[in-house]
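Please treat every number below as a calculation from the coordinates, not as lab data. The shown structure was predicted, so the numbers you read here are calculated from the model rather than taken from an experiment. Cβ: placed from backbone, ideal geometry, glycine included. Neighbour counts: every protein chain shown.
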Amino acid sequence: MSHGSTPVPLSTRASGPFSGTLRVPGDKSISHRALMFGALAIGRTTVKGLLESEDVLATADAMRAVGAVIEKQDDGTYTVDGIGLGSLLEPEGVIDFGNAGTGVRLTMGIFGSHDIAATFVGDASLSGRPMGRVLNPLREMGTSVIAREGDRLPASIRGAKHPTPLTYRVPMASAQVKSAVLLAGLNAPGTTTVIEPIPTRDHTEKMLQGFGADLDVSVNEAGERVITLQGQPELKPQDLDVPGDPSSAGFPIVAALIVPGSDITIENVLLNEHRTGLITTLIEMGGDIEILNRRDASGEEVGDIHVRHSQLKGITVPAERAPSMIDEYPVLAVAAAFARGDTFMPGLDELRVKESDRLAAVARGLEANGIPCVETKDTLTVTGGANSIGGGTVVTHLDHRIAMSFLILGMASEKPVTVDDGAVIATSFPTFTKLFTDMGASFENHPSEAA
């Protein structure tokens, strides 16, 4: 896995124009959940289009460790032979999630209401991320926890023998926390309720309903989402087709917008309303983006995205939009570097606790490449239109999205842009360099500089 490999610097230089039709890998959020829910169902779940990234494969290994049989078939489809809710085996060794924040937090939720012991570890980046936001509600349900100072990995848990259903108000906009509590509630008797003041991506709710869980979503008088789940259902296996990841699609979308003459179509992209904040924002900035062929796939809306090179303008991005595009701010900052005027992005405090301190990492990367910006505790302002862009080296901090975003910057810059480690990209988008090379992008490895 990349978290233990030697860093390999990678550069891009001015490319394009980009043209043609392409597909991005399957959605990471749905891929994680497909493996988890398939493992908790009784019978065989089939998954087409699974994202074969290090993050998702770590989740597959975790589900195998508790008894699920997960295999890749000759046609690329994955099969998951589940063992059923309440029947998890105790894993024999530690569960290594590498860089996978979604994987480890949701798995903690599943294991936390089963009478098994498990120890979770991760790479340096994941080991620095806060786990208390998930571990605290699990403690309230009866889970025993031993973790490093600050509730960080490594962490060992002993699931509750008699888990207590919980009513929990999520203190921050986090689909991972919401999902962990719901997944713990699956094996708790009675009703588990999650109150979500700020709506976040709802893949867990939709997929649990698809697998046969008794789950209801309503809105209370305060305008908050209230999710109620009846515990200990019998989940039924499903046949799933994973659509393209909108977070991954953000990279070719921005590349096409900023590289002159580009005209591309990205097929079969997930269009869940809680995941399309980047597209909405780029259209407001003047991006020529059109959604074609909207349709339903496995309970989710998908479509094709047509993008042409555009002259962008700076805007203020509404803070309330952050949950629907929290992973896309790094590549949005790259788009802002080519826009006229200032792009102001408030409400970014959650970026401080991602795979890296993404807010600081983005600001330092912009500065290293001659792009004026102002970073505060929870905002970023990017001033576009600098006379000379590029020429810098970006420190990725083991963060795949920082690496990919600044490689996109290099594709439209006057001078090449280098990231200190291209290997981390395999965490979420293992075909990134091939996809862009096939479109005409120019990459340069620096093996002699590897340390």
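Put simply, the Cα atoms of the stretch 239-295 extend 41, 20, 19 Å along their principal axes, the longest span coming first.
Loop sites by DSSP among the trypsin sites (Lys or Arg not before Pro) of the chain, restricted to those with at most 15 other Cβ atoms within 10 angstrom, leave 162-376 as the longest stretch without any of them. Checking (1) 62, 60, 41; (2) 64, 49, 47; (3) 104, 55, 41 against Cα extents along the principal axes in Å calculated from these atoms, the matching label is (2).
Filter the cross-link list Lys161/Lys236; Lys178/Lys206; Lys377/Lys415 down to pairs whose alpha-carbon distance in this structure exceeds 20 Å.
Working: Lys161/Lys236 24 Å; Lys178/Lys206 13 Å; Lys377/Lys415 30 Å.
Pairs exceeding 20 Å: Lys161/Lys236; Lys377/Lys415.
Placing a label point 7 Å from the Cα of Lys377 along the Cα-to-Cβ line, the residues of the stretch 325-357 whose backbone N sits under 15 Å from it are 346-353.
Which aspartates and glutamates, if any, have their Cα less than 14 Å from the Cα of Lys434, not counting same-chain residues under 8 positions apart? In chain and number order, the partners are Glu444. Excluding same-chain neighbours fewer than eight residues apart, the aspartates and glutamates reachable from Lys313 by a Cα-Cα span under 14 Å are Glu284, Asp288, Asp342.
Loop exposure criterion: GluC sites (Glu not before Pro), DSSP state outside H, G, I, E and B, at most 10 other Cβ atoms within 10 Å. Applied to the chain, the longest stretch between such sites is 222-451. Projecting the Cα atoms of Pro189, Val219, Tyr78 onto the dipole axis of the stretch 28-231, where Lys and Arg carry +1 and Asp and Glu carry -1 at the beta carbon, places Val219 farthest toward the positive end. According to the Kirkwood relation over distinct C-alpha pairs, the hydrodynamic radius of the stretch 108-259 is 16.8 Å.
Report the extension gain between Arg64 and Lys313 in nm, rounded to one decimal, defined as 0.36 nm multiplied by the number of residues separating them, less their alpha carbon distance.
Values: separation 249, 0.36 × 249 = 89.64 nm, distance 4.86 nm.
Here the answer is 84.8 nm.
Stretch Val94-Thr21 to full length: gain in nm at 0.36 nm per residue minus the Cα-Cα span?
On the way: separation 73, 0.36 × 73 = 26.28 nm, distance 4.21 nm.
Net length gain for the segment: 22.1 nm.
Is it possible to state the helix-based mean residue ellipticity at 222 nm for the chain, with each DSSP H run of 4+ residues giving -39500 (n - 2.57), the sum divided by total residues, to the nearest 500 deg cm²/dmol? What is it?
Working: 13 runs with 129 residues, N = 451.
The helix contribution divided over the chain gives -8500 deg cm²/dmol.
Each Lys and Arg contributes +1 and each Asp and Glu -1, all at the Cβ; summed about the Cα centre of the chain, the dipole is approximately 500 debye.
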